[in-house]
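**Student:** Following this message is one structure expressed as structure tokens.
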Amino acid sequence: MDKPIFAEVAMNENNPDWQQACKRPGALYKRHMDFRSEFARDYTRILHSNGYRRMKHKTQVFFNAAGNDHICTRMEHVAHVESVSSSIARMLGLNDELTRAIAMAHDIGHAPFGHEGEKALSEITEKELGFKFWHERNGLRFVDYIELLPDPKDFKNNLDLTYAVRDGIISHCGEVDKNNLRPRTENIDITKDFKISGDYEASTWEGCVVKLADKIAYIGRDIEDAQLLGFITGEDEKILREIAHRCRKDAVNTTVITHSMITDICSHSSPEKGLCFSDEMHDILTEIKQFNYNHIYFNERLKPYKDYSHLIIRDLYEYLAGFYPEGAGEDAYAQLIERLKPEAALHEFVKTFLEWICQYIDFDEDYTGCGKEYSRNCVNQKIYEKLQNKTIYSQALIDFIAGMTDPYAERAFRELLGC
């Protein structure tokens with residue numbers, strides 16, 4: 001049997017970039033008789049993180065206020081991307097474990113309420129912090145600094161994922177309609193050099209596979225949800241079927257479209273040409289994506305949901321921002337905690353926020369006030385230092401709100417309303 005066409009460029013021990021791909025920000029503990037690879041360890045670390053768990057209650061496209069079990073959530077989308085990308089990786093001879101780890105984590109930086117939540121947070125970050133919020137960079141921030149896991153001695157620490165997985169997260173943007181994907185050759189600092197979403201391609205073929213799989217996975221599934229909710233009319237269905245029938249004449253559904261795209265990319269890609277669809281399939285994909293924008297993403301029926309999500313995120317941010325003690329210096333965190341304590345007794349989400357933020361504060365050794373106990377056993381990076389200025393506190397609020405699920409954000413908002 002012939003060796004798979006991408007086997008020579010797969011990210012494994014024979015790849016010249018193997019050591020860099022396996023490099024971690026910190027020193028991850030070792031387990032006795034751990035038979036997992038470095039990337040398999042990343043996969044399970046993501047699986048056990050709170051950020052991954054919360055994706056089951058985060059919007060993919062359609063807000064699930066009615067609790068419809070058949071509407072795609074962010075977690076289901078991630079499972080689809082993992083399925084598509086691992087199928088492509090296996091067929092081409094790439095590292096399946098690395099591919100699955102990137103796919104598993106690729107959307108961990110999404111805000112509540114999907115892309116509308118992302119837009120709402122971006123409006124705030126542009127005003128308060130001077131840059132845009134985009135979920136790919138936020139995903140890297142979350143796996144580097146926010147998500148914590150206990151080690152074998154029960155001390156909470158950062159995830160310390162490998163470079164290849166972290167790189168795949170920040171570079172996974174599936175909105176760019178580019179064929180012939182190939183890994184970048186630039187040696188960049190992924191924490192600093194990425195300025196906008198899609199700025200660079202991934203450094204591995206496996207990361208490029210996830211980027212393509214992301215688009216394949218959401219194209220068909222978003223249409224299914226739109227049909228279920230009555231967003232697509234009879235005339236729209238006719239247009240869609242005319243496009244989709246070019247994939248296959250006898251049946252048109254998500255699995256048929258997905259299978260056709262997977263087999264097409266595996267048949268037309270090579271290390272010389274890059275990862276690519278046939279010209280016809282690329283045109284079909286582009287047309288279906290444009291159909292989705294015209295009939296789903298820009299549909300006027302989504303406007304109330306968009307307004308609602310912006311209202312919740314803006315009001316939660318403004319409420320918590322009001323507690324920062326203006327003019328405070330090195331003791332800002334102590335003053336903030338004292339101001340939050342009474343509200344924490346009234347509002348459950350404020351109590352949660354107080355307990356959460358204390359994990360990332362660099363407490364003075366002699367500090368004895370309320371709050372230090374919440375950071376017990378936390379040996380992670382103290383990214384908010386002593387909350388010595390409003391900018392650091394604003395970033396903390398963005399991190400806290402970005403980590404919320406849709407139902408939790410709604411519940412916090414209702415607490416503010418006294419409901």
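**Student:** Of the residues Asn158, Asn179, which single one is surrounded by 14 or more Cβ atoms within 10 Å (Cβ to Cβ) and at pLDDT 95 or above? Spell out the reasoning first.
**Tutor:** Numbers: Asn179 fails: at pLDDT 95 or above.
One residue alone meets the criteria, Asn158.
**Student:** While we're on this one: Looking at (1) in contact with a helix residue (DSSP H, G or I) (Cβ under 8 Å, 6 or more places away or on another chain); (2) under 28 Å from Arg90 (Cβ atoms); (3) in a loop (DSSP other than H, G, I, E, B); (4) not hydrophobic (A, V, I, L, M, F, W, C), which is the one condition that is false for Ser260?
**Tutor:** Only one criterion in (1) in contact with a helix residue (DSSP H, G or I) (Cβ under 8 Å, 6 or more places away or on another chain); (2) under 28 Å from Arg90 (Cβ atoms); (3) in a loop (DSSP other than H, G, I, E, B); (4) not hydrophobic (A, V, I, L, M, F, W, C) is unmet by Ser260, namely (3).
**Student:** So how many residues does the range 11-32 have that are part of a loop (DSSP other than H, G, I, E, B) and under 17 Å from Thr185 (Cβ atoms)? Working first, answer last.
**Tutor:** Step one: filter the range 11-32 for residues part of a loop (DSSP other than H, G, I, E, B), giving 11-17, 23-32.
Then keep just the ones that are under 17 Å from Thr185 (Cβ atoms); that gives 11, 15-17.
Adding up the residues that qualify gives 4.
**Student:** Looking at the range 38-65, I want the residues that are closer than 10 Å to Thr405 by Cα and have a partner that is outside any helix (DSSP H, G or I) and among the polar types (S, T, N, Q) with Cβ atoms under 6 Å, at least 6 apart or on another chain. Which pairs are those?
**Tutor:** From residues that are closer than 10 Å to Thr405 by Cα, the pairs are Arg54/Thr405; Lys56/Thr73; His57/Thr405; Lys58/Thr405.
**Student:** Could you tell me which of the residues Ile284, Ile288 is within 25 Å of the chain's Cα centre (by Cα) and part of a helix (DSSP H, G or I)? Show your work before the answer.
**Tutor:** Details: Ile284 fails: within 25 Å of the chain's Cα centre (by Cα).
Testing whether each residue is within 25 Å of the chain's Cα centre (by Cα) and part of a helix (DSSP H, G or I) leaves just Ile288.
**Student:** Based on what the data block shows, is Tyr43 in the same structural domain as Arg100 (by TED's automatic domain parsing) and assigned to a loop (DSSP other than H, G, I, E, B)? Steps first, answer last, please.
**Tutor:** On the way: in the same structural domain as Arg100 (by TED's automatic domain parsing): yes; assigned to a loop (DSSP other than H, G, I, E, B): no.
Here the answer is no, as Tyr43 does not meet what is asked.
**Student:** Look at Arg36 and say whether it is surrounded by fewer than 19 Cβ atoms within 10 Å (Cβ to Cβ) and modelled with pLDDT of 95 or more.
**Tutor:** Values: surrounded by fewer than 19 Cβ atoms within 10 Å (Cβ to Cβ): yes; modelled with pLDDT of 95 or more: no.
So Arg36 fails the test.
**Student:** Looking for whichever is in contact (Cβ under 8 Å) with a residue 60 or more places away in the chain, aliphatic (A, V, I, L, M), outside the structural domain of Arg241 (by TED's automatic domain parsing) and more than 20 Å from Ala40 (Cα to Cα) here; the options are Leu229, Leu121. Which one fits? Walk me through how you get there before you give the answer.
**Tutor:** Numbers: Leu229 fails: outside the structural domain of Arg241 (by TED's automatic domain parsing).
Result: Leu121 is the single residue among Leu229, Leu121 that is in contact (Cβ under 8 Å) with a residue 60 or more places away in the chain, aliphatic (A, V, I, L, M), outside the structural domain of Arg241 (by TED's automatic domain parsing) and more than 20 Å from Ala40 (Cα to Cα).
**Student:** Starting from residues that are assigned to a helix (DSSP H, G or I) and over 27 Å from the mean Cα position of the chain (by Cα), keep the ones in the range 1-10 and report whichever is farthest from Asn95 (Cα to Cα). Full working, then the answer.
**Tutor:** Looking only at the range 1-10, we keep the residues that are assigned to a helix (DSSP H, G or I), and these are 7-9.
Remaining after also requiring over 27 Å from the mean Cα position of the chain (by Cα): 7-8.
Numbers: Ala7: 9, Glu8: 11 Å.
Checking each candidate, the answer is Glu8.
**Student:** Still on this structure: Has the range 324-345 got at least one residue that is modelled with pLDDT of 95 or more, within 30 Å of Gln60 (Cβ to Cβ) and surrounded by 14 or more Cβ atoms within 10 Å (Cβ to Cβ)?
**Tutor:** Checked against the condition, which is being modelled with pLDDT of 95 or more, within 30 Å of Gln60 (Cβ to Cβ) and surrounded by 14 or more Cβ atoms within 10 Å (Cβ to Cβ), the range 324-345 yields no hits at all.
**Student:** Residues to consider are Ser122, Ser87; find the one that is closer than 29 Å to Phe6 by Cβ, of a type outside the set (Val, Ile, Thr) and surrounded by fewer than 23 Cβ atoms within 10 Å (Cβ to Cβ).
**Tutor:** Details: Ser122 fails: closer than 29 Å to Phe6 by Cβ.
Of the residues listed, the single one that is closer than 29 Å to Phe6 by Cβ, of a type outside the set (Val, Ile, Thr) and surrounded by fewer than 23 Cβ atoms within 10 Å (Cβ to Cβ) is Ser87.
**Student:** Still on this structure: Quick one: Cys358 ticks every box in (1) outside the structural domain of Ala409 (by TED's automatic domain parsing); (2) in a helix (DSSP H, G or I) except a single one, so which number is it?
**Tutor:** (1)
**Student:** Checking Val379 against (1) surrounded by fewer than 17 Cβ atoms within 10 Å (Cβ to Cβ); (2) touching a helix residue (DSSP H, G or I) at 6+ places or on another chain (Cβ under 9 Å), which test does it fail?
**Tutor:** (2)
**Student:** How many residues does the range 87-124 hold that are over 13 Å from the mean Cα position of the chain (by Cα), of a type outside the set (Ser, Thr, Tyr) and not in a loop (DSSP other than H, G, I, E, B)?
**Tutor:** 15
**Student:** Turning to a different aspect of this structure: Within the range 315-368, count every residue that is of a type in the set (Asp, Glu) and within 28 Å of the chain's Cα centre (by Cα). Full working, then the answer.
**Tutor:** Step one: list which residues in the range 315-368 are of a type in the set (Asp, Glu), which gives 315, 318, 326, 330-331, 338, 343, 348, 355, 362, 364-366.
Next, from what is left, pick out any that are within 28 Å of the chain's Cα centre (by Cα): 315, 318, 348, 355, 362.
Residues that pass the stated criteria total 5.
**Student:** A follow-up question, please. Given the structure, is Gly67 out of contact with any Cys (no Cβ under 6 Å at 6 or more places or on another chain) and part of a helix (DSSP H, G or I)? Walk me through how you get there before you give the answer.
**Tutor:** Working: out of contact with any Cys (no Cβ under 6 Å at 6 or more places or on another chain): yes; part of a helix (DSSP H, G or I): no.
Judged against the criteria, Gly67 is not a match.
**Student:** Ok, one more. Evaluate the range 203-211: report whether one residue or more is part of a loop (DSSP other than H, G, I, E, B), modelled with pLDDT of 85 or more and under 26 Å from the mean Cα position of the chain (by Cα).
**Tutor:** Going through the range 203-211, the residues part of a loop (DSSP other than H, G, I, E, B) turn out to be 203-204.
Within this subset, residues satisfying the condition of being modelled with pLDDT of 85 or more are 203-204.
Subset that is under 26 Å from the mean Cα position of the chain (by Cα): 203-204.
Within the range 203-211 (the criterion being part of a loop (DSSP other than H, G, I, E, B), modelled with pLDDT of 85 or more and under 26 Å from the mean Cα position of the chain (by Cα)), the answer is yes, since at least one residue qualifies.
**Student:** Checking the condition outside any loop (DSSP other than H, G, I, E, B), without any contact (Cβ under 8 Å) to a residue 60 or more places away in the chain and not assigned by TED's automatic domain parsing to the domain that holds Lys56, which residue from Phe363, Phe353, Phe413, Phe323 passes? I'd like the intermediate steps shown before the answer.
**Tutor:** Numbers: Phe363 fails: outside any loop (DSSP other than H, G, I, E, B); Phe413 fails: without any contact (Cβ under 8 Å) to a residue 60 or more places away in the chain; Phe323 fails: outside any loop (DSSP other than H, G, I, E, B).
The unique qualifying residue is Phe353.
The values are calculated or read from the model by the stated rules, or taken from the named source; none is laboratory data. Keep in mind it's a predicted model, so treat the numbers as computed, not measured. Here the Cβ is made from the backbone with ideal geometry for all residues, glycine too, and neighbour counts use every protein chain on show.
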